[in-house]
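In what follows, a structure is listed as structure tokens, so that the remarks can point back to it.
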Amino acid sequence: MGFLTLGIYLSLLEFNRMGLGDDSLVEQHVAAVCGGLVAPVMYWGNTTLLLPLLTVAMFILFLLFLFRLPPVTEVHNRLSWIALGLIYVPFFLAHMLLLRCLPEGRQWIFMTLIIIMCCDSFAYFIGRKFGKNKLYPAVSPNKTIEGAVGGLVGAVIAALIVKFTFLPTIGLVSAILIGLALGVMGQLGDLFESLLKRACQVKDSGTIIPGHGGMLDRLDSLLFAFPIVYYIARYSYGG
């Protein structure tokens with residue numbers, strides 16, 4: 001829980017700095033603290049506290065923008081960016097805690113991590129070796145269709161390995177479908193963060209991991225993957 005809280009806090013700082021730079025620094029830090037509180041609130045409380053937390057966070061931000069008035073023509077852009085971050089990072093990633101509370105939740109979490117890592121690795125190496133056709137150059141110029149297909153293959157292989165090692169409750173066909181679903185969602189999560197970075201004209205979300213970008217760069221695929229896994233485990237496997 002502590003690692004998740006720190007990860008959300010740092011990711012939100014990166015997200016806000018990416019879009020706002022040195023503007024509205026107080027508001028950026030307040031939003032990061034409020035977002036980080038999502039994890040302990042869910043761990044020690046319950047999901048019914050999330051709505052009050054979000055409400056209080058937005059009230060605080062509204063009042064900060066009202067009385068720490070930036071240029072009026074910038075209020076909607078800055079406030080909208082910060083509000084987007086509060087949904088995008090903590091509420092998506094908090095599904096990992098929900099998943100942990102389910103039967104075999106730890107196994108489902110490890111499954112997600114393994115599938116996403118394999119998907120990213122296969123996509124990278126196959127894309128570098130065989131990639132010729134651009135996947136979505138307007139958003140991510142270096143990604144290729146061949147790499148994306150390789151990522152799906154890697155995700156399915158990883159899901160099958162998980163099924164035959166530590167999560168036998170999922171069937172063979174289900175493992176293949178889960179691998180495909182996470183392969184797609186993981187790559188969409190990566191593309192979405194690439195979209196945000198291109199909009200902000202930055203290469204990486206941060207520099208916390210030398211040579212590998214920021215915390216958000218490491219979590220982008222998982223942000224889209226964990227909600228999908230949670231709802232699969234919750235409603236398809238009697239969680």
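Here's the yes/no breakdown for (1) surrounded by fewer than 19 Cβ atoms within 10 Å (Cβ to Cβ); (2) in the same structural domain as GLY179 (by TED's automatic domain parsing); (3) at pLDDT 95 or above:
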| position | (1), (2), (3) |
| --- | --- |
| GLY189 | no, yes, yes |
| PHE192 | yes, yes, yes |
| LEU196 | no, yes, yes |
| GLN201 | yes, yes, no |
| THR207 | yes, yes, no |
| GLY213 | no, yes, no |
| ARG218 | yes, yes, no |
| LEU223 | no, yes, yes |
| VAL229 | no, yes, yes |
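For every residue, the table says whether it meets (1) surrounded by 15 or more Cβ atoms within 10 Å (Cβ to Cβ); (2) among the β-branched types (Val, Ile, Thr); (3) under 26 Å from LEU4 (Cα atoms).
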residue	(1), (2), (3)
LEU98	yes, no, yes
GLY131	yes, no, no
PRO141	no, no, no
VAL149	yes, yes, no
ALA159	yes, no, yes
MET185	yes, no, yes
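Picking from residues in the range 1-59 that are acidic (Asp, Glu) and in a helix (DSSP H, G or I), the one that is surrounded by the most Cβ atoms within 10 Å (Cβ to Cβ) is GLU14. Is one or more of the residues making up the range 144-157 aliphatic (A, V, I, L, M), outside any helix (DSSP H, G or I), under 16 Å from VAL229 (Cα atoms) and modelled with pLDDT of 95 or more? Scanning the range 144-157, I find no residue that is aliphatic (A, V, I, L, M), outside any helix (DSSP H, G or I), under 16 Å from VAL229 (Cα atoms) and modelled with pLDDT of 95 or more, so the answer is no.
From LEU135, LEU69, which residue is assigned to a loop (DSSP other than H, G, I, E, B) and either surrounded by fewer than 17 Cβ atoms within 10 Å (Cβ to Cβ) or in contact with a strand residue (DSSP E or B) (Cβ under 8 Å, 6 or more places away or on another chain) (or both)? Can you show your working first?
Details: LEU135 fails: assigned to a loop (DSSP other than H, G, I, E, B).
That would be LEU69, the only listed residue that is assigned to a loop (DSSP other than H, G, I, E, B) and either surrounded by fewer than 17 Cβ atoms within 10 Å (Cβ to Cβ) or in contact with a strand residue (DSSP E or B) (Cβ under 8 Å, 6 or more places away or on another chain) (or both).
Annotation: THR165 fulfils all but one of (1) surrounded by fewer than 22 Cβ atoms within 10 Å (Cβ to Cβ); (2) in a loop (DSSP other than H, G, I, E, B); (3) touching an Asp or Glu at 6+ places or on another chain (Cβ under 9 Å); the unmet one is (3). Scanning the range 172-225 for residues that are closer than 21 Å to GLY19 by Cα and polar (S, T, N, Q) yields SER194, GLN201, SER205, THR207, SER221.
Report the residue count in the range 44-83 for those that are charged (D, E, K, R) and either over 23 Å from the mean Cα position of the chain (by Cα) or at pLDDT below 95 (or both).
2
The values are calculated or read from the model by the stated rules, or taken from the named source; none is laboratory data. Keep in mind that this is a model prediction, so the values were computed, not measured. Quick reminder, even Gly has a Cβ in these numbers, built from the backbone with ideal geometry, and neighbours come from all protein chains shown.
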